[in-house]
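Note sheet for the following structure.
Readers should treat all values here as calculations from the given coordinates under stated rules, not as data from a laboratory. The shown structure was predicted, so the numbers you read here are calculated from the model rather than taken from an experiment. Positions of Cβ are generated from backbone atoms using ideal geometry, with glycine treated the same way; all protein chains shown enter the neighbour counts.
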């Protein structure tokens, strides 16, 4: 592990939610802080949360930026997480999500960037990067699962950080690697979520083997996996990730120490 990645702590609180400090600013990914329970749409149960977070929203402390891959699914933005947005100065998300959320939400389309002032007087750059929430081309997938954005964070003297969001496309990962690789820390959403009514139960986010392949493509020095626990629709967990990264010879890149 390189010094830059070793000095860059990430804390995972459950599901897709991770907290980290970068350039003196405090970030959170896809905030989910509801207790276990069911989520319904049109009177039908659509998702089941099986475990609550290891850290409550009240215990979280101040957040400067929310990196929200998408707002349309409660396993990425739940009721408590949605309320949290009102107290955060900036939420970066998809163009559609920014319109729906309003407030401090700002759109970050693919390959668009925003610069933020660092506490040391410099700047850091956040770039929106492609993500496809299911198998196939974006135009085939988005009508069913919606628009998703990933993020790459860069800055002078700072490690390169990739936050994948709910992405199932290794082709998108290749595009990102061509522009930003190698990355120091990849926060990879995994879990192989499957639904019988979507894409013949093919995962709509990376499975464990694909996460290992994504790490290889990115040249990632460290991988912090998220989005593989606390929900019933995740079909692969930590043991599957360890097995896949071991098979790929990348077990030393996998950082499982980040949980609160």
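So what is the relative contact order of the chain, in percent, for Cα pairs below 8 Å that sit 6 or more residues apart?
Numbers: 641 pairs, mean separation 46.0, N = 260.
It comes to 18 percent, rounded to a whole number.
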For the chain, calculated [θ]222 nm from helices alone, where every DSSP H run of n ≥ 4 adds -39500 (n - 2.57): -6000 deg cm²/dmol
Out of all DSSP beta bridges in the chain, what portion is antiparallel? Express it as a percent rounded to 5. 60 percent
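Decide, for the stretch 38-114, between rounded, prolate and oblate: order the square roots of the alpha carbon gyration tensor eigenvalues as a ≥ b ≥ c, take rounded if a/c falls under 1.5, and otherwise choose prolate if a/b is larger than b/c, else oblate.
Oblate, because a/c is 1.5 or more while a/b does not exceed b/c.
Rounded, prolate or oblate: pick one for the stretch 79-135, where a ≥ b ≥ c are the square roots of the eigenvalues of its C-alpha gyration tensor, a/c under 1.5 means rounded, and failing that, prolate if a/b is larger than b/c, else oblate.
oblate
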Sorted from largest to smallest, which semi-axis lengths in Å does the alpha carbon gyration tensor of the stretch 1-146 give for its equivalent ellipsoid, taking the root of 5 times each eigenvalue? 26, 20, 15
Can you check how the C-alpha radius of gyration of the chain compares to 2.2 N^0.38 Å, as a plain ratio? 0.92
Prolate/oblate/rounded call for the stretch 113-222, Cα gyration tensor, a/c under 1.5 rounded: prolate
Under a point spin-label approximation (7 Å from Cα along Cα-to-Cβ), what is the residue 256-residue 242 distance to one decimal in nm? 0.3 nm
GNM on the chain, Cα springs under 10 Å; top mean-square fluctuation among 12, 123, 226 goes to 123
